[in-house]
Amino acid sequence: MPVSHSSTRVVLVPLKRFDAAKSRLRDQLTDDEVVELTMRLAAGVLEAARPLLTVVVCDDDDVADFARRHGAEVFRSSALGLNGSVDDAYRNLVDYDQVVVVHGDLRSPEGIGRFDPGEGVTIVTDQRRDGTNVLSLPGGLDFRFSYGPGSLHRHEREAARLGLDCTVIADSPWRFDVDEPDDLVQGPDGI
């Protein structure tokens, strides 16, 4: 079902089931600690997205309830994987001039709700300058999302394919996400 509002900008936050998220951290932390960390990071992102409308894309009742408790709307997607889910939600977010896709595991998400990068595509890359932590793009495009290792370069090529200007930001506090055990201690804020 399409999500439509009068706002011109929306934040889209894809979230996995909390008990299945962050598998690479499970050698360092207990399952309960991983779930608590994942929920804490996601709550921080949802709070930082205010005052913009925020839509969590998920396929899980517990995640949907969590999103609503934190003031977000929910888009249920049955598409496979992160790329399919983001694509599904993006194509259903009608009437938005700009969609900002933000991962729910940013360590320092403050300011997401005030992020106004302008026209074209803006990518905030991860600390490794390989991934895409924040992706802002105009709504209504035939954009092909391609998250995973090397996504920065694939998203740059996708912007070029569509003839859009593309800006890459590598020095943002949003570059610090939590995927690997080293991410628990690296960066200015640590976990």
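A short reminder: the numbers here are calculations on the coordinates, not readings from a lab. Fair warning: this is a prediction, and the values are worked out from it, not measured in the lab. Here the Cβ is made from the backbone with ideal geometry for all residues, glycine too, and neighbour counts use every protein chain on show.
Here region 3-182 carries DSSP beta bridges of which approximately 35% are antiparallel, counting only pairs with both residues inside.
Charge dipole of region 3-182 (Cα centre as origin; +1 on each Lys and Arg Cβ, -1 on each Asp and Glu Cβ, all else neutral): 320 debye, rounded to the nearest 20.
Coupling constants for region 50-62 follow from the phi torsions by the Karplus curve (6.51 cos²θ - 1.76 cosθ + 1.60, θ = phi - 60°), and in residue order they are 5, x, 5, 4, 10, 10, 8, 9, 7, 10, 9, 4, 5 Hz; glycine and proline get x.
Here the Karplus curve 6.51 cos²θ - 1.76 cosθ + 1.60, taken at θ = phi - 60°, turns the phi angles of region 134-148 into couplings of 9, 9, 10, 8, x, x, x, 8, 8, 7, 9, 6, 8, 6, x Hz, with x standing for Gly and Pro. Across region 39-49, rounded Karplus estimates of 3J(HN,Hα) from the backbone phi angles (6.51 cos²θ - 1.76 cosθ + 1.60, θ = phi - 60°) give 5, 5, 5, 4, 4, x, 5, 5, 5, 5, 6 Hz, Gly and Pro being marked x.
Taking every alpha-carbon pair under 8 Å whose residues sit at least 6 apart, region 3-182 reaches a relative contact order of 25 percent. Normalised Debye scattering of region 3-182 at q = 0.10, 0.11, 0.18 Å⁻¹ gives log10 I(q)/I(0) of -0.34, -0.42, -1.22, counting only Cα atoms as equal scatterers and leaving out solvent. Rounded to the nearest 20, the Cβ-based charge dipole of region 92-176 about its Cα centre (Lys and Arg +1, Asp and Glu -1) stands at 340 debye. Label sites at ARG114 and ALA43, each approximated as a point 7 angstrom past Cα along Cα to Cβ, lie 2.4 nm apart.
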